[in-house]
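Asks: Okay, here's the structure, questions in a sec.
The values are calculated or read from the model by the stated rules, or taken from the named source; none is laboratory data. Keep in mind that this is a model prediction, so the values were computed, not measured. A quick note on method: Cβ atoms are made from the backbone with ideal geometry, for glycine too, and the neighbour counts reach across all protein chains shown.
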Amino acid sequence: MSDGIGVMSKTTVRDVDMEPQSSPPGGSDTSPRTEGGSRAFAWLLVITGAAGVLAAWVITLDKFKLLEAKVKGETFVPGCSLNPVVSCGSVMESDQASVFGFPNPMLGLVTYGIVVCVGMSLLARARYPRWYWLTFNAGTLFGVGFCAWLMFQSLYRINALCLWCCLAWVATIVMFWYVTSFNIRKGFLPAPSWLKSFFGEFTWVLPVLHIGVIGMLILTRWWDFWTS
């Protein structure tokens with residue numbers, strides 16, 4: 001009986017263990033390689049995902065209030081509509097705010113929520129195979145591309161900014177570059193050794209430059225307004 005309990009205990013530990021198993025002596029491990037992230041990387045995903053969820057949630061609530069006010073024949077001004085340039089209401093009422101037939105922030109509630117879940121699972125020391133990390137990277141690539149399109153529309157077509165949208169943009173940019181860095185450093189994305197070394201030491205440079213360029217575009221787009 002004691003032997004049976006011992007076997008059950010060992011099996012249970014092995015089943016729930018999320019650390020990589022070593023190859024058996026004299027043999028080779030043919031299971032797919034899995035990778036987990038550091039605690040810092042996990043917290044970065046949790047924080048950026050939570051920031052995106054917060055932004056999407058506030059915008060969604062304001063969108064509902066805006067629609068409700070229209071039905072009642074009233075006027076609703078979102079709290080983040082501060083002036084002619086920083087005007088969340090103008091952005092919410094634009095056609096670009098519902099690209100897929102429903103308010104864009106509803107998509108954000110789902111996608112940013114997934115990012116939070118991935119970060120939390122990494123904190124629990126979960127490990128994922130290459131296909132998972134590449135799929136996750138593709139999702140962040142779509143996100144940063146969609147944000148780039150929204151930035152262009154906001155600056156040069158709608159002619160207004162939404163502060164909550166800006167928060168979502170920053171969160172998406174940061175998570176994209178760090179997920180890409182992770183995949184390059186782990187060898188999931190092919191890259192020369194110098195690029196791996198760069199991402200290993202200076203990943204922070206790329207999101208800072210990316211956000212800095214957007215900041216400069218915003219500054220120059222409404223330069224007369226900011227300096228008046």
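Asks: Where residues in the range 179-225 are part of a helix (DSSP H, G or I), closer than 23 Å to ALA160 by Cα and in contact (Cβ under 8 Å) with a residue 40 or more places away in the chain, which of them is farthest from the chain's Cα centre (by Cα)?
Replies: Out of the qualifying residues, it is PHE225.
Asks: So, one more: Could we say that LEU167 is part of a helix (DSSP H, G or I), more than 10 Å from the chain's Cα centre (by Cα) and crowded, with 16+ Cβ neighbours inside 10 Å here?
Replies: Yes; evaluated as a whole, the condition is true for this residue.
Okay, residues lined up against (1) modelled with pLDDT under 50; (2) farther than 30 Å from PHE225 by Cβ; (3) not in a loop (DSSP other than H, G, I, E, B):
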position: LYS10; (1), (2), (3): yes, yes, yes
position: ARG14; (1), (2), (3): yes, yes, yes
position: PRO24; (1), (2), (3): yes, yes, no
position: SER28; (1), (2), (3): yes, yes, no
position: LEU45; (1), (2), (3): no, yes, yes
position: LEU61; (1), (2), (3): no, no, yes
position: LEU66; (1), (2), (3): no, no, yes
position: THR75; (1), (2), (3): no, no, no
position: PRO84; (1), (2), (3): no, no, no
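Matching residues to (1) closer than 18 Å to TRP43 by Cα; (2) among the hydrophobic types (A, V, I, L, M, F, W, C):
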| site | (1), (2) |
| --- | --- |
| SER81 | no, no |
| VAL99 | no, yes |
| ALA124 | yes, yes |
| ARG127 | yes, no |
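Asks: Confirm whether VAL118 is buried (at least 18 other Cβ atoms within 10 Å of the Cβ) and within 30 Å of LEU219 (Cα to Cα).
Replies: no
Asks: Quick check: anything in the range 151-163 in contact with a Phe, Trp or Tyr (Cβ under 6 Å, 6 or more places away or on another chain) and surrounded by 18 or more Cβ atoms within 10 Å (Cβ to Cβ)?
Replies: no
Asks: Something else: Can you tell me which condition TRP131 does not meet? The list is (1) among the aromatic types (Phe, Trp, Tyr); (2) closer than 17 Å to PHE182 by Cα; (3) buried (at least 18 other Cβ atoms within 10 Å of the Cβ), and all the others hold.
Replies: Unmet condition: (3).
Asks: Quick one: in the range 39-86, of everything that is hydroxyl-bearing (Ser, Thr, Tyr) and in contact (Cβ under 8 Å) with a residue 40 or more places away in the chain, which residue is farthest from GLY113 (Cα to Cα)?
Replies: It comes out as THR60.
Asks: How many residues does the range 181-228 contain that are under 16 Å from PHE41 (Cα atoms) and exposed (fewer than 11 other Cβ atoms within 10 Å of the Cβ)?
Replies: So the count comes out to 1.
Asks: Out of (1) aromatic (Phe, Trp, Tyr); (2) under 17 Å from ILE47 (Cβ atoms); (3) loosely packed, with under 14 Cβ neighbours inside 10 Å, what's the single condition that is false for PHE136?
Replies: Only one criterion in (1) aromatic (Phe, Trp, Tyr); (2) under 17 Å from ILE47 (Cβ atoms); (3) loosely packed, with under 14 Cβ neighbours inside 10 Å is unmet by PHE136, namely (3).
Asks: Listed residues GLY52, GLY89; which is among the small types (Gly, Ala, Ser), in a helix (DSSP H, G or I) and more than 24 Å from PHE176 (Cβ to Cβ)?
Replies: GLY89
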